[in-house]
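Worksheet for the structure shown next.
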Amino acid sequence: MVKKLDGKVAVVTGASSGIGKSIVEKYVGEGAKVVAFARNLAALKELEAVYPGQVKAVAGDVTRQEDLQHLVEETLKAFGGVDIVVPNAGIARVVSFGESTAEAFNTQFSVNLFGAAETARLFMPHIHKGGSIQFITTFLTQVGFPGLAIYSASKAALKSLSQTLAAELAPQGIRVNSIAPGPIGTPLWGTVGLPPEILGAVAEKITSRLMPGTFGQPEDIADLSVFLASDAAKNIYGQEIVVDGGYTVG
């Protein structure tokens, strides 16, 4: 049986946990070879050990130019080129607008926008014709949520970047789209900076608006990512596809 990503090479950043890790696992299951990039080398090595010959671990930080250059070099050394680039690495912090200083903006924009854009830019010359770039945005590009102005703005900028690059890179045979996860049960949820009791109350309020009655799982995003990376999505350009359990329509 032919798998959806047979013969393809992918690069996934933020691959040590959550959505990134799930994308790596789904890609491997569909026949792709994957370069997994994150700061947590131990977690990446575990993935590499589980999928020998299919996953290559490269450690680094998307905010460091030299680390991204190293990622490109290691990918080309191992596979000669790439078909799919998923700049998934991201951070979220709850920051009131009164505390939204330039430094606070830079903390999240440096990863969510600039790190993602630079990952795509550096790999662009090495993406095979028919390849794709997938950015990971958020359902919060469509709704407001107190305390997440910086995070939401960084992802809204990424959404706009994705749409523009779709038009710019199409003549080179590269498709660009984005996936906007809604509330997903990942480690990111626990790093936003809220006390556990407040975090629990927020989660309960959010869950009440979700049509399945529960947070989504990383696999929900990974399954869509496989589709967008496959030839079945060859006519999809510049779209932000929301996977949010109905939050934005409920």
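The values are calculated or read from the model by the stated rules, or taken from the named source; none is laboratory data. Predicted model, so just to flag it, every value in this text is computed and none were measured. Cβ coordinates were reconstructed from backbone atoms using ideal geometry, including for glycine residues, and neighbour counts include every protein chain displayed.
Residue-wise test of (1) touching a strand residue (DSSP E or B) at 6+ places or on another chain (Cβ under 8 Å); (2) without any contact (Cβ under 8 Å) to a residue 24 or more places away in the chain.
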position: A104; (1), (2): no, no
position: F114; (1), (2): no, no
position: E118; (1), (2): no, no
position: P125; (1), (2): no, yes
position: F139; (1), (2): yes, no
position: I150; (1), (2): no, no
position: L165; (1), (2): yes, no
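Does the stretch 156-186 hold any residues that are hydrophobic (A, V, I, L, M, F, W, C) and either under 26 Å from Q217 (Cα atoms) or buried (at least 18 other Cβ atoms within 10 Å of the Cβ) (or both), and which are they? Don't jump to the end; show me each part of the working.
Of all residues in the stretch 156-186, those hydrophobic (A, V, I, L, M, F, W, C) come to 156-158, 161, 165-167, 169-170, 174, 176, 179-180, 184.
Selection gives A156, A157, L158, L161, L165, A166, L169, I174, V176, I179, A180, I184.
Being modelled with pLDDT of 95 or more, in contact with a helix residue (DSSP H, G or I) (Cβ under 7 Å, 6 or more places away or on another chain) and assigned to a helix (DSSP H, G or I) narrows it down to one of V72, V34, so name that one. Steps first, answer last, please.
Details: V34 fails: assigned to a helix (DSSP H, G or I).
Going through V72, V34 in turn, just one is modelled with pLDDT of 95 or more, in contact with a helix residue (DSSP H, G or I) (Cβ under 7 Å, 6 or more places away or on another chain) and assigned to a helix (DSSP H, G or I): V72.
Has the stretch 75-82 got any residue that is under 15 Å from the mean Cα position of the chain (by Cα), outside any helix (DSSP H, G or I) and crowded, with 18+ Cβ neighbours inside 10 Å?
Here is the first cut: in the stretch 75-82, the ones under 15 Å from the mean Cα position of the chain (by Cα) are none.
Within the stretch 75-82, none of the residues are under 15 Å from the mean Cα position of the chain (by Cα), outside any helix (DSSP H, G or I) and crowded, with 18+ Cβ neighbours inside 10 Å.
When you scan the stretch 53-74, how many residues do you find that are touching an Asp or Glu at 6+ places or on another chain (Cβ under 8 Å), surrounded by 15 or more Cβ atoms within 10 Å (Cβ to Cβ) and not aliphatic (A, V, I, L, M)?
Of the residues in that region, 4 qualify.
Would you confirm whether any residue within the stretch 35-47 is in contact with an Asp or Glu (Cβ under 8 Å, 6 or more places away or on another chain) and over 17 Å from P218 (Cα atoms)?
Yes, the stretch 35-47 has at least one match.
Does the stretch 20-31 contain any residue that is part of a loop (DSSP other than H, G, I, E, B) and either within 17 Å of K77 (Cα to Cα) or modelled with pLDDT under 95 (or both)? Break it down stepwise before answering.
First, the residues of the stretch 20-31 that are part of a loop (DSSP other than H, G, I, E, B): 30-31.
Then keep just the ones that are either within 17 Å of K77 (Cα to Cα) or modelled with pLDDT under 95 (or both); that gives none.
No, the stretch 20-31 has no match at all.
Going by the conditions given, is K56 more than 20 Å from S154 (Cβ to Cβ), of a type in the set (K, R), part of a loop (DSSP other than H, G, I, E, B) and in contact with a Phe, Trp or Tyr (Cβ under 9 Å, 6 or more places away or on another chain)?
On the way: more than 20 Å from S154 (Cβ to Cβ): yes; of a type in the set (K, R): yes; part of a loop (DSSP other than H, G, I, E, B): no; in contact with a Phe, Trp or Tyr (Cβ under 9 Å, 6 or more places away or on another chain): yes.
Answer is no for this residue.
The rows are residues; the columns are (1) at pLDDT 95 or above; (2) over 23 Å from M211 (Cβ atoms).
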| residue | (1), (2) |
| --- | --- |
| S154 | yes, yes |
| L158 | yes, yes |
| L161 | yes, yes |
| A166 | yes, yes |
| Q172 | yes, yes |
| R175 | yes, yes |
| I179 | yes, no |
| P183 | no, no |
| T191 | no, yes |
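Any idea which of S22, S16 is over 28 Å from D231 (Cβ atoms) and either among the small types (G, A, S) or over 18 Å from the mean Cα position of the chain (by Cα) (or both)?
Working: S22 fails: over 28 Å from D231 (Cβ atoms).
The conditions single out S16.
Those residues that are at pLDDT below 95, surrounded by 14 or more Cβ atoms within 10 Å (Cβ to Cβ), among the small types (G, A, S) and not in a helix (DSSP H, G or I), I need them from the stretch 201-247; list them, please.
Hits for the stretch 201-247 are G216, G245.
From the set of residues in the stretch 89-127 that are outside any helix (DSSP H, G or I) and not polar (S, T, N, Q), which is surrounded by the most Cβ atoms within 10 Å (Cβ to Cβ)? Lay out the reasoning, then the answer.
Residues of the stretch 89-127 that are outside any helix (DSSP H, G or I), as a first pass: 89-96, 100-101, 127.
In the following step, the residues that additionally are not polar (S, T, N, Q) were identified as 89-95, 127.
On the way: A89: 24, G90: 27, I91: 17, A92: 21, R93: 15, V94: 18, V95: 20, I127: 23.
Step by step, filter the stretch 89-127, then rank; the result is G90.
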